[in-house]
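Working notes, structure below.
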């Protein structure tokens, strides 16, 4: 242990470390997120040493296109001096204040700027540390809201297959992706799961309109069966991101939203991924999907990943109803040590400046080309579908196009493609039989061409591997 302290004591000593040093330390001491039991506490992953623009450099000095933009979040690109200076300046002025009985200026200014962009009457912002805590805060607010209004039975939460909403106990209970919950407990008694709005997996020969009708009917029947007096909230990502960039059928979300309004069910839009430029707007709920939620959760792109920050935006109507309740001393007993962190909020303000100063316009202009070029990969036999919206997309691989078998014989197809792409100069995000791309919003058309060229070659090499190993005959 003393040796490790010696290595990491100063930045000067740290600069003398090699990639092998860091990998060895990680193998002995660092627990990675989402580990398997066989490797927990002894696993290493690709070491990233630097980043600039849309590129990162791995521990061996290889330059890679950052296909996932970190984790959907490095929206303005790596190494933006404007954000680094703001972090330093704010930390030198005020590095922290307790949110329990003090406040800071950056959080107040940021709350107003976010409220100005939010749709409808979403005028009030509660800041958290990231997406999971933002969703957790929204769900706990729903519980508090109904308790204060004398409706303690109205607490059930409707989520969907394919969803990802976080890693805290309550937020993780909403998740509907394969393998997320195989070995983990959750608040299952509070959650109702609807079908994923995945058009690629709709029943054979069913039209998109009929598929949308089926999903809406499922929700209507669920409300009727369970009782609107027991359902507190519906939560959904406008685009299911980690579920494989699932873009719902047109007009599906407005119809779900109407059911919520008709039955006094809060509609929570989880915009942790889709906000702050990913779809070309600060928020996508109204601009892209024509809905005005009761609550929006956000994180990731709010600081472009430069500092941990998230939050929820709450409707004015809900707060006014709380103020009119018969329990004026009821307390929303929820908060975090780093709620409204001054450094995070200062970074978010500077990040918004960058988005407003041309990056949002650029994202909207380049997104159609991004989708068009990636769509060309559908001519590869292994590719079942390329789908996406804005600057987020997914390549889903299948064993054959007729059955759309998701390659159950090999659950590492995405990782195989990622390994080949890494060697060729691109980092993608592998998700079982899928590869997800959500590059920094500053990506150019030429860089999109590079990305697609590498991805095509990575998929082609993976097809050769699968054929050679007798796993796939396509």
(1) over 30 Å from residue 295 (Cβ atoms); (2) touching a residue at least 60 places away in the same chain (Cβ under 8 Å); (3) assigned by TED's automatic domain parsing to the domain that holds residue 428 all hold for residue 89 apart from (3)
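Consider residue 402 carefully, then state whether it is over 22 Å from residue 242 (Cα atoms) and over 24 Å from the mean Cα position of the chain (by Cα).
Taking the combined requirement at face value, the residue satisfies it.
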**Prompt:** In the stretch 70-83, is there at least one residue being free of Cβ contacts under 8 Å to residues at least 12 places away in the same chain and over 29 Å from residue 243 (Cβ atoms)?
**Reply:** yes
Inside the stretch 149-190, the number of residues satisfying the requirement of being assigned to a helix (DSSP H, G or I) and either surrounded by 19 or more Cβ atoms within 10 Å (Cβ to Cβ) or touching a strand residue (DSSP E or B) at 6+ places or on another chain (Cβ under 7 Å) (or both) is 4
Scanning the stretch 316-349 residue by residue, those under 27 Å from the mean Cα position of the chain (by Cα), more than 20 Å from residue 116 (Cβ to Cβ) and part of a helix (DSSP H, G or I) turn out to be 342, 343
Exactly one of 244, 236 is within 30 Å of residue 402 (Cβ to Cβ), crowded, with 22+ Cβ neighbours inside 10 Å and either out of contact with any strand residue (DSSP E or B) (no Cβ under 6 Å at 6 or more places or on another chain) or touching a residue at least 12 places away in the same chain (Cβ under 8 Å) (or both), and that residue is 244
Exception for residue 44 within (1) in contact with a helix residue (DSSP H, G or I) (Cβ under 9 Å, 6 or more places away or on another chain); (2) buried (at least 19 other Cβ atoms within 10 Å of the Cβ); (3) more than 25 Å from residue 287 (Cβ to Cβ); (4) assigned by TED's automatic domain parsing to the domain that holds residue 436 falls at (2)
Going through the stretch 290-327 in order, the residues found to be farther than 24 Å from residue 277 by Cα and in contact with a strand residue (DSSP E or B) (Cβ under 7 Å, 6 or more places away or on another chain) are 316, 319
Of the candidates 189, 153, the one satisfying the condition of being in contact with a helix residue (DSSP H, G or I) (Cβ under 6 Å, 6 or more places away or on another chain) and in the same structural domain as residue 282 (by TED's automatic domain parsing) is 153
The condition of being crowded, with 22+ Cβ neighbours inside 10 Å, in contact with a helix residue (DSSP H, G or I) (Cβ under 7 Å, 6 or more places away or on another chain) and more than 18 Å from residue 127 (Cα to Cα) holds, among 277, 305, only for 277
Apart from one, (1) loosely packed, with under 13 Cβ neighbours inside 10 Å; (2) closer than 23 Å to residue 313 by Cβ; (3) in the same structural domain as residue 18 (by TED's automatic domain parsing) all hold for residue 102; the odd one out is (3)
Just to be sure, is residue 407 in contact with a helix residue (DSSP H, G or I) (Cβ under 7 Å, 6 or more places away or on another chain) and more than 29 Å from residue 235 (Cα to Cα)? yes
Within the stretch 191-226, residues being touching a residue at least 40 places away in the same chain (Cβ under 8 Å) and outside any helix (DSSP H, G or I) number 3
Would you check if there is a residue in the stretch 107-115 being free of Cβ contacts under 8 Å to residues at least 12 places away in the same chain, touching a helix residue (DSSP H, G or I) at 6+ places or on another chain (Cβ under 9 Å) and assigned to a loop (DSSP other than H, G, I, E, B)?
no
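The values are calculated or read from the model by the stated rules, or taken from the named source; none is laboratory data. In this text, all values refer to a predicted model and were calculated from it rather than measured experimentally. Glycine gets a Cβ as well: all are built from the backbone with ideal geometry, and neighbour counts include every protein chain shown.
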